Amino acid sequence: MKKIGTLLLFLILCPYSTKAQGEASNLFFKRNFFFLILLCCSFYISAQDCNSPVLTFPANNSINVPVNSTITWDRIIGVPGYIISLGTTPGGGEILDQTNVGNTDSYTPPLGLPENTQIYVTLRLFFFDPAIPDLVCPSSTFTTENITSPPSCTMIASPSDGAVNVNISTNISWNYAATATGYRISIGSVPGTGNIVNDENVGNVLRYNPILDLPPSTEIFVEITPYNENGDLAPCPEQSFTTGTAATLPGCTALVNPLDGEINVPLTPLIEWSEVPGAEGYKVTIGTSPFTAEVLDNVVFFTNSTFVIDFEANRTFFITIIPFNAAGDAIGCTQESFSTIIGCGPYFDSVTGELVIINPEISFPDTISFCEDAVPFIVSSTDSAEGFRWFQIDQFGNETLISDTSEVALEETGDYRYEAYNTVVQASGITECPTSQLFKVVSSEIATINAVNISEQGNDLKITLDVSGIGDYEYALDDISGPYQDSNVFDNVPAGSYTVYVRDKNGCGIVEERVEQDLTLEGFPKFFTPNGDGVNDFWQFIPTILTDEININVIHIFDRYGRLLAQIEPTSNGWDGNFNGLPLPSSDYWFRAMSDSSGQIQGHFTLKR
C-alpha cells in the first residue's frame with residue numbers, strides 16, 4: 001500500500017515537473033500540497049509512520065508512579081488536537097477510552113489511576129478533515145505505585161459548605177481523594193444520622209444524584225468517606241448546606257449550530273442551542289480543552305444564541321451550556337465540542353514529519369524612503385505569492401487599499417501595510433492565507449555641505465563635516481566608493497589636500513567638496529609673550545610656504561569656558577592678551593579661523609607672562 005501512495009503522489013505531480021512549467025508547478029504545489037498529503041495518507045499511513053508525542057511524565061517504562069499523576073507530553077507543532085486512551089493493554093481503553101483533550105499537552109485522570117498496575121498511554125493525533133484518519137501513535141507505558149494506606153477524607157465541591165437556597169433536586173459532587181477506589185455517602189437532616197441516605201456505597205464516582213428530592217428549607221448534612229483495599233479513615237467530617245423552597249429546575253440544552261462534533265466551523269460562527277422551557281437564561285463556557293475556559297467563562301446570555309468573534313483556526317473548542325432560572329442551574333448538563341476550519345497551518349505532515357504552512361514567506365523592510373525629486377516612488381514586491389495588497393494607514397489607524405498588484409506607487413510619507421497571500425481550497429471553501437508587514441515611508445534628499453571644519457589633533461588634524469538635509473547620510477574621505485562611515489568626523493588625518501563625500505543612504509545621491517589647500521595648522525603660533533619687550537607681544541596668523549594660499553577672513557579667540565575674548569583681522573597686529581583693557585593671566589586659549597578655502601580651522605595656543 002505504501003508503494004501505491006507514493007506512485008499516486010508521483011502521478012499527480014508529474015505533469016508539472018518540466019522546467020518550462022516550473023513556475024506553475026510551484027504555485028500548484030503551494031496550493032495543493034496539503035491535499036496531496038491527505039490523499040496519500042489515506043493509502044499508507046500507519047502507526048509506525050507516526051511522529052509520536054513523547055511522554056514527559058511519566059517517562060516511558062517508569063515505575064512507582066503516583067496514582068494522582070498528571071500525564072504530560074511534548075506537543076507536536078502543527079497537530080491540532082489529541083485523543084488520549086488509558087488501558088491495561090497496548091492501545092487499550094479499559095481505563096479511559098478515546099477522550100478528546102484538544103490542543104493541550106496534559107491530562108489529569110479525574111478518578112486517578114489504579115494502583116500497582118501497568119498502564120498504557122495511547123495518543124491519537126486528531127485532524128479535522130475527513131480525508132485524514134486519526135493517526136494512532138505507539139503506546140507508552142508505566143507502572144503505578146502500590147498503595148498501603150487508606151485514602152484521606154475529601155470535601156464536597158457542590159453545593160459548597162454553608163450554601164443556602166440550594167435546589168432540592170441538586171446533585172452532590174466531591175473532590176477526588178488520592179488513592180481512593182470508591183466512596184460511601186451519608187445524607188441526613190440531623191447531624192450524624194444519615195436518615196436520608198445511610199452510608200451508601202456509590203463506587204468510584206465523584207457525583208451522586210439522590211433518588212428523591214431533598215426536603216425543602218432544611219439544613220442537609222453530608223459525609224463522604226473515600227476508601228480503598230486498605231480501608232478508610234471513617235468517620236470523615238460532615239459538611240452542610242440549606243435547601244430552598246420547592247421549585248422546578250430547567251432541563252439541559254444541546255447545540256443546534258454548530259452540532260456537537262461538527263468540523264470546519266467558521267471562525268466567527270453564530271452559536272445556537274435549543275431553547276429550554278422555563279429557563280431564564282444560559283451560562284456558557286467555552287475553552288480549548290475540556291478543562292479550560294479561555295474563550296467564555298460562565299458568561300450569562302438571556303437568548304439561545306450568540307456570535308463569537310475570531311475563533312482560532314484548526315482547533316477544537318469545548319462548550320458547556322447550563323440553563324438556569326430562579327430555582328437554580330440545570331443539573332447534569334454535558335459538555336459538547338466542535339472544530340474550526342483547517343485554516344492556513346502550520347500542519348503536521350505525518351509522512352515527512354515536517355510542517356506545511358500556506359502563508360507566504362515575505363521579506364520586506366520596516367522603513368523605506370524616496371527622494372524628494374522622485375515622486376511617485378514605485379515599490380515592487382520580490383516575494384513569491386498568489387496575490388498582494390498595499391494599504392495606507394491614516395492617523396486614526398484606518399486603512400485604505402491603494403494597490404492590489406505586486407507594485408505600488410507611493411507619493412507621501414506615513415504609515416503603510418504590505419500584505420502577500422496564498423489561497424487553499426478546503427471543505428469550507430477557499431481560504432485566504434495572508435502574511436503582512438507594517439512599514440513607514442520617509443522622504444530623503446541629497447545633502448548640503450555647509451562647512452568643512454579643521455582642528456588640531458596631536459601632529460595630525462581632525463576634519464568635521466557640517467551638513468544639512470532631511471536624508472540619512474554617511475561620509476567618506478578622498479574616495480567616492482568609500483569606505484563610508486556614519487560619523488561626520490575624521491580623526492588623525494595627515495596634512496594634505498582631500499575631497500570629502502557625503503552620500504544619502506536612501507540613494508538620493510552623493511555630494512562632494514574639494515579642499516584644495518593643504519590642511520595644516522602651520523602659521524598659527526603655539527604661544528606668545530605679551531610682556532612689552534617687543535618680541536612675541538602679539539598673537540597673529542603668519543602665512544608660511546604651506547599656508548600662504550589659505551585666505552583667512554577673521555579669527556576669534558576664546559578662553560577655556562568658550563567666552564569670546566577677541567576678534568582680529570588677519571591684517572591687524574593681532575591679539576595683545578587683554579580683555580576689556582585688562583591683561584589676562586598665563587593660560588591656554590583657543591582660536592577659530594574662518595577660511596575661504598578650508599572652512600573653519602581650530603586650535604589652541606599658550607599665553608605666557
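The values are calculated or read from the model by the stated rules, or taken from the named source; none is laboratory data. Here the structure is a predicted model, which is why all the values come from computation and not from measurement. Because the Cβ atoms are built from the backbone with ideal geometry, glycine has one as well, and the counts that use them run over all protein chains shown.
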Exercise. Within 24 Å of residue 478 (Cβ to Cβ) and either modelled with pLDDT under 90 or not assigned by TED's automatic domain parsing to the domain that holds residue 373 (or both) - does that describe any residue in region 550-560?
Worked result: yes
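Residue-by-condition table, conditions (1) surrounded by fewer than 12 Cβ atoms within 10 Å (Cβ to Cβ); (2) β-branched (Val, Ile, Thr); (3) within 33 Å of the chain's Cα centre (by Cα):
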{"position": "424", "(1), (2), (3)": "no, yes, yes"}
{"position": "431", "(1), (2), (3)": "no, yes, yes"}
{"position": "435", "(1), (2), (3)": "no, yes, yes"}
{"position": "438", "(1), (2), (3)": "no, no, yes"}
{"position": "442", "(1), (2), (3)": "no, yes, yes"}
{"position": "455", "(1), (2), (3)": "no, no, no"}
{"position": "458", "(1), (2), (3)": "yes, no, no"}
Exercise. Looking at 419, 361, which is the one that is among the charged types (D, E, K, R), outside the structural domain of residue 262 (by TED's automatic domain parsing), part of a strand (DSSP E or B) and under 21 Å from the mean Cα position of the chain (by Cα)?
Worked result: 419
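If you check residue 245 against the conditions, is it in contact (Cβ under 8 Å) with a residue 12 or more places away in the chain, polar (S, T, N, Q), part of a loop (DSSP other than H, G, I, E, B) and within 29 Å of residue 343 (Cβ to Cβ)?
No.
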For this session: Being part of a strand (DSSP E or B) and without any contact (Cβ under 8 Å) to a residue 60 or more places away in the chain is the filter; apply it to region 437-465 and report the residue that is nearest to residue 505 (Cα to Cα).
Result: 465
Seminar exercise, completed: residue 424 fails exactly one of (1) farther than 30 Å from residue 505 by Cα; (2) in contact with a Pro (Cβ under 9 Å, 6 or more places away or on another chain); (3) assigned to a strand (DSSP E or B), namely (2)
Exercise. Among the listed residues 419, 407, which satisfies the condition of being modelled with pLDDT of 90 or more and closer than 28 Å to residue 314 by Cβ?
Worked result: 419
Problem set entry | Scope region 60-80; condition part of a strand (DSSP E or B), in contact (Cβ under 8 Å) with a residue 60 or more places away in the chain and on the phi < 0 side of the Ramachandran plot; matching residues | 62, 63, 65
Exercise. From the list 428, 436, 481, 487, which residue is among the hydroxyl-bearing types (Ser, Thr, Tyr), at pLDDT below 90 and not assigned by TED's automatic domain parsing to the domain that holds residue 595?
Worked result: 428
Exercise. Would you pick out the residues in region 558-587 that are loosely packed, with under 14 Cβ neighbours inside 10 Å and not in a loop (DSSP other than H, G, I, E, B)?
Worked result: 564, 567, 578, 582, 583, 587
For this session: Any chance you could count how many residues in region 331-352 are more than 21 Å from residue 266 (Cβ to Cβ), in a loop (DSSP other than H, G, I, E, B), modelled with pLDDT under 85 and hydrophobic (A, V, I, L, M, F, W, C)?
Result: 1
For this session: Examine region 529-544 for a residue that is within 60 Å of the chain's Cα centre (by Cα) and at pLDDT 80 or above, and state whether such a residue exists.
Result: no
Exercise. In region 245-268, which residue that is crowded, with 19+ Cβ neighbours inside 10 Å and not hydrophobic (A, V, I, L, M, F, W, C) is nearest to residue 307 (Cα to Cα)?
Worked result: 258
Exercise. If you take the residues in region 72-96 that are among the charged types (D, E, K, R) and either modelled with pLDDT under 90 or under 35 Å from the mean Cα position of the chain (by Cα) (or both), which one is surrounded by the most Cβ atoms within 10 Å (Cβ to Cβ)?
Worked result: 75
Exercise. When you look at residue 319, is it modelled with pLDDT of 85 or more, outside the structural domain of residue 409 (by TED's automatic domain parsing), under 30 Å from residue 471 (Cα atoms) and surrounded by 17 or more Cβ atoms within 10 Å (Cβ to Cβ), yes or no?
Worked result: no
